[in-house]
1. Kindly list, by first and then second residue, each pair from a residue in region 119-131 that is within 10 Å of ASP157 (Cα to Cα) to a residue that is of a type in the set (Gly, Ala, Ser) and part of a helix (DSSP H, G or I), limited to pairs with Cβ atoms under 9 Å and residues at least 6 apart or on different chains.
2. Please identify the pairs in which a residue from region 79-93 that is aromatic (Phe, Trp, Tyr) has its Cβ atom under 8 Å from the Cβ atom of a residue that is assigned to a helix (DSSP H, G or I), counting only partners at least 6 apart or on another chain.
3. In the list ALA3, ALA43, which residue meets the criterion of being among the aliphatic types (A, V, I, L, M), in a helix (DSSP H, G or I) and open to solvent by 60 Å² or more (accessible area, probe 1.4 Å)?
4. Give the residues of region 135-155 that are at pLDDT below 95 and over 22 Å from ALA3 (Cα atoms), sorted by residue number.
5. Go through region 143-169 and give me each residue that's closer than 19 Å to PRO41 by Cβ and either open to solvent by 10 Å² or more (accessible area, probe 1.4 Å) or assigned to a loop (DSSP other than H, G, I, E, B) (or both).
6. Kindly indicate which of GLU66, GLU53 is surrounded by fewer than 20 Cβ atoms within 10 Å (Cβ to Cβ), within 17 Å of ARG128 (Cβ to Cβ), modelled with pLDDT of 95 or more and within 17 Å of the chain's Cα centre (by Cα).
7. Do we have ILE48 as within 18 Å of GLY168 (Cα to Cα), of a type in the set (A, V, I, L, M, F, W, C), modelled with pLDDT of 95 or more and surrounded by 14 or more Cβ atoms within 10 Å (Cβ to Cβ) here?
8. Of all the residues that make up region 88-142, how many are among the hydroxyl-bearing types (Ser, Thr, Tyr), assigned to a loop (DSSP other than H, G, I, E, B) and open to solvent by less than 60 Å² (accessible area, probe 1.4 Å)?
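The values are calculated or read from the model by the stated rules, or taken from the named source; none is laboratory data. Nothing here was measured: the structure is a model prediction, and the numbers come from that model. Here the Cβ positions follow ideal geometry from the backbone for every residue, glycine too, while neighbour counts run over all protein chains shown. Quick note on the areas: whole protein, heavy atoms, side chains included, nothing else; ligands and nucleic acids left out. Shrake-Rupley method; radii C 1.70, N 1.55, O 1.52, S 1.80 Å.
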Amino acid sequence: MRAQAMTVRAACHPSWGTDLARHVLVECPPPLGATVGGFWPLAGEIDIRPLLEGLHGHGHVIALPETQPRGRPLIFRAWAPGAELVPERFGTLRPTGRECRPDWVLVPLLAFDRRGGRLGYGGGYYDRTLPLLPGATAIGCAFAAQEVPEVPTGPGDVRLDAVATERGIVRTR
(Lines give C-alpha, C1' and ligand atoms only; values in the text may rest on other atoms or scores of the structure.)
Protein backbone atom coordinates (compact mmCIF):
# COMPACT_ATOMS: atom_id res chain seq x y z
CA MET A 1 0.00 0.00 0.00
CA ARG A 2 2.90 2.38 0.74
CA ALA A 3 4.43 1.81 -2.71
CA GLN A 4 1.08 2.43 -4.40
CA ALA A 5 0.51 5.57 -2.31
CA MET A 6 3.92 6.94 -3.31
CA THR A 7 3.12 6.31 -6.97
CA VAL A 8 -0.18 8.18 -6.65
CA ARG A 9 1.52 11.01 -4.80
CA ALA A 10 4.18 11.32 -7.52
CA ALA A 11 1.49 12.39 -10.00
CA CYS A 12 0.59 15.38 -7.80
CA HIS A 13 2.32 18.73 -7.55
CA PRO A 14 3.71 19.93 -4.19
CA SER A 15 2.67 23.54 -4.99
CA TRP A 16 -0.97 22.52 -4.51
CA GLY A 17 -0.15 23.17 -0.86
CA THR A 18 -1.13 26.78 -1.48
CA ASP A 19 -4.73 25.60 -1.96
CA LEU A 20 -4.46 23.38 1.12
CA ALA A 21 -3.34 26.42 3.13
CA ARG A 22 -6.32 28.47 1.93
CA HIS A 23 -8.77 25.73 2.92
CA VAL A 24 -7.30 25.34 6.40
CA LEU A 25 -7.14 29.08 7.08
CA VAL A 26 -10.78 29.57 5.97
CA GLU A 27 -12.54 26.31 6.90
CA CYS A 28 -10.78 25.01 10.02
CA PRO A 29 -8.15 27.36 11.43
CA PRO A 30 -6.63 26.46 14.79
CA PRO A 31 -8.00 28.29 17.82
CA LEU A 32 -6.46 31.65 18.63
CA GLY A 33 -3.26 31.19 20.58
CA ALA A 34 -2.84 27.52 19.65
CA THR A 35 0.68 26.23 19.23
CA VAL A 36 0.76 24.44 15.89
CA GLY A 37 2.96 21.41 15.31
CA GLY A 38 3.82 21.19 11.63
CA PHE A 39 6.46 19.44 9.54
CA TRP A 40 8.93 20.47 6.86
CA PRO A 41 7.76 18.66 3.71
CA LEU A 42 9.86 15.91 2.20
CA ALA A 43 10.30 15.69 -1.57
CA GLY A 44 6.99 14.68 -3.12
CA GLU A 45 4.82 15.65 -0.15
CA ILE A 46 2.27 18.43 -0.43
CA ASP A 47 4.09 21.65 0.47
CA ILE A 48 2.57 22.97 3.69
CA ARG A 49 5.08 25.81 4.03
CA PRO A 50 2.50 28.38 2.82
CA LEU A 51 0.23 27.17 5.64
CA LEU A 52 3.02 27.33 8.23
CA GLU A 53 3.86 30.87 7.14
CA GLY A 54 0.18 31.89 7.14
CA LEU A 55 -0.39 30.50 10.62
CA HIS A 56 2.77 32.22 11.88
CA GLY A 57 1.47 35.45 10.36
CA HIS A 58 -1.77 35.00 12.33
CA GLY A 59 0.24 34.88 15.56
CA HIS A 60 0.49 31.14 16.13
CA VAL A 61 3.64 29.63 17.57
CA ILE A 62 4.83 27.08 15.01
CA ALA A 63 6.81 24.02 16.07
CA LEU A 64 8.43 21.40 13.84
CA PRO A 65 9.39 17.88 14.91
CA GLU A 66 12.77 16.59 15.90
CA THR A 67 13.02 12.87 15.18
CA GLN A 68 14.19 10.91 18.18
CA PRO A 69 15.76 7.43 18.05
CA ARG A 70 13.38 4.71 16.84
CA GLY A 71 10.78 3.80 19.45
CA ARG A 72 10.61 7.27 21.01
CA PRO A 73 8.08 10.06 20.37
CA LEU A 74 8.80 13.23 18.44
CA ILE A 75 9.93 16.43 20.14
CA PHE A 76 8.59 19.69 18.71
CA ARG A 77 10.80 22.78 18.52
CA ALA A 78 9.80 26.39 17.82
CA TRP A 79 10.23 27.61 14.25
CA ALA A 80 9.68 30.92 12.47
CA PRO A 81 10.05 31.77 8.77
CA GLY A 82 13.72 32.17 7.94
CA ALA A 83 14.92 30.21 10.99
CA GLU A 84 17.82 27.83 10.55
CA LEU A 85 16.92 24.19 9.93
CA VAL A 86 19.35 21.37 10.52
CA PRO A 87 19.27 18.05 8.66
CA GLU A 88 18.48 14.86 10.51
CA ARG A 89 17.92 11.26 9.55
CA PHE A 90 15.20 10.19 7.10
CA GLY A 91 15.94 13.37 5.10
CA THR A 92 13.96 15.57 7.49
CA LEU A 93 14.89 19.05 8.65
CA ARG A 94 14.29 20.47 12.11
CA PRO A 95 14.66 23.82 13.82
CA THR A 96 16.94 24.49 16.78
CA GLY A 97 14.40 26.53 18.78
CA ARG A 98 12.99 25.85 22.22
CA GLU A 99 10.91 22.75 22.87
CA CYS A 100 7.13 23.30 22.51
CA ARG A 101 3.98 21.29 23.18
CA PRO A 102 1.61 21.64 20.20
CA ASP A 103 -2.14 21.61 20.70
CA TRP A 104 -2.90 21.44 17.00
CA VAL A 105 -0.78 19.06 14.90
CA LEU A 106 -0.37 18.88 11.12
CA VAL A 107 0.50 15.27 10.27
CA PRO A 108 2.21 13.96 7.10
CA LEU A 109 0.92 10.77 5.52
CA LEU A 110 1.00 8.47 2.51
CA ALA A 111 -2.70 7.51 2.45
CA PHE A 112 -5.84 8.31 4.43
CA ASP A 113 -9.47 7.27 4.66
CA ARG A 114 -12.65 9.07 5.72
CA ARG A 115 -12.65 7.36 9.12
CA GLY A 116 -9.41 9.12 10.05
CA GLY A 117 -7.17 6.17 9.26
CA ARG A 118 -3.65 7.21 8.26
CA LEU A 119 -0.92 5.28 6.54
CA GLY A 120 2.43 6.77 7.50
CA TYR A 121 5.97 5.85 6.62
CA GLY A 122 6.15 2.92 9.02
CA GLY A 123 8.18 4.36 11.89
CA GLY A 124 5.20 4.93 14.21
CA TYR A 125 6.44 8.33 15.36
CA TYR A 126 3.08 10.11 15.19
CA ASP A 127 1.26 7.12 16.71
CA ARG A 128 3.63 7.36 19.69
CA THR A 129 3.54 11.16 19.90
CA LEU A 130 -0.16 12.05 19.53
CA PRO A 131 -1.32 10.13 22.64
CA LEU A 132 1.17 12.21 24.64
CA LEU A 133 -0.66 15.37 23.53
CA PRO A 134 -4.10 14.89 25.14
CA GLY A 135 -6.68 17.24 23.69
CA ALA A 136 -4.55 18.06 20.65
CA THR A 137 -6.25 18.14 17.26
CA ALA A 138 -4.55 16.04 14.57
CA ILE A 139 -5.00 17.24 10.98
CA GLY A 140 -3.53 15.11 8.19
CA CYS A 141 -2.01 16.95 5.23
CA ALA A 142 -2.17 15.25 1.85
CA PHE A 143 -3.15 15.44 -1.77
CA ALA A 144 -6.80 14.50 -2.36
CA ALA A 145 -5.56 11.65 -4.59
CA GLN A 146 -4.03 9.99 -1.50
CA GLU A 147 -7.49 9.09 -0.20
CA VAL A 148 -8.20 5.35 -0.19
CA PRO A 149 -11.38 3.44 0.74
CA GLU A 150 -9.81 2.01 3.90
CA VAL A 151 -6.46 2.20 5.62
CA PRO A 152 -5.66 -0.94 7.61
CA THR A 153 -5.33 0.08 11.25
CA GLY A 154 -4.34 -1.65 14.45
CA PRO A 155 -4.81 -0.92 18.15
CA GLY A 156 -1.81 1.45 18.30
CA ASP A 157 -2.85 3.56 15.32
CA VAL A 158 -4.14 7.04 16.16
CA ARG A 159 -6.99 8.38 14.02
CA LEU A 160 -6.91 11.86 12.54
CA ASP A 161 -9.55 14.46 13.38
CA ALA A 162 -9.57 15.73 9.78
CA VAL A 163 -7.47 15.73 6.63
CA ALA A 164 -6.59 18.90 4.70
CA THR A 165 -6.09 18.58 0.94
CA GLU A 166 -5.87 20.95 -2.01
CA ARG A 167 -9.60 20.30 -2.61
CA GLY A 168 -10.82 21.00 0.92
CA ILE A 169 -11.13 19.59 4.41
CA VAL A 170 -12.21 15.98 4.96
CA ARG A 171 -13.82 15.79 8.42
CA THR A 172 -13.37 12.37 9.95
CA ARG A 173 -14.96 12.81 13.40
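1. Short answer, once both residue conditions are applied: LEU119/ALA5.
2. Here the result reads TRP79/LEU52, each pair linking region 79-93 to a residue that is assigned to a helix (DSSP H, G or I).
3. Working: ALA43 fails: in a helix (DSSP H, G or I).
On inspection, the qualifying residue turns out to be ALA3.
4. PRO155
5. We begin by selecting, within region 143-169, every residue closer than 19 Å to PRO41 by Cβ; these are 143-147, 160, 162-167, 169.
PHE143, ALA144, ALA145, GLU147, LEU160, GLU166, ARG167, ILE169, listed by residue number.
6. On the way: GLU53 fails: within 17 Å of ARG128 (Cβ to Cβ).
Of GLU66, GLU53, the one residue that is surrounded by fewer than 20 Cβ atoms within 10 Å (Cβ to Cβ), within 17 Å of ARG128 (Cβ to Cβ), modelled with pLDDT of 95 or more and within 17 Å of the chain's Cα centre (by Cα) is GLU66.
7. On the way: within 18 Å of GLY168 (Cα to Cα): yes; of a type in the set (A, V, I, L, M, F, W, C): yes; modelled with pLDDT of 95 or more: yes; surrounded by 14 or more Cβ atoms within 10 Å (Cβ to Cβ): yes.
So ILE48 fits the description; yes.
8. Taking region 88-142 and keeping what is among the hydroxyl-bearing types (Ser, Thr, Tyr), we get 92, 96, 121, 125-126, 129, 137.
Restricting the remaining residues to those that are assigned to a loop (DSSP other than H, G, I, E, B) gives 92, 96, 121.
Now drop any that are not open to solvent by less than 60 Å² (accessible area, probe 1.4 Å), which leaves 92.
Result for region 88-142: 1.
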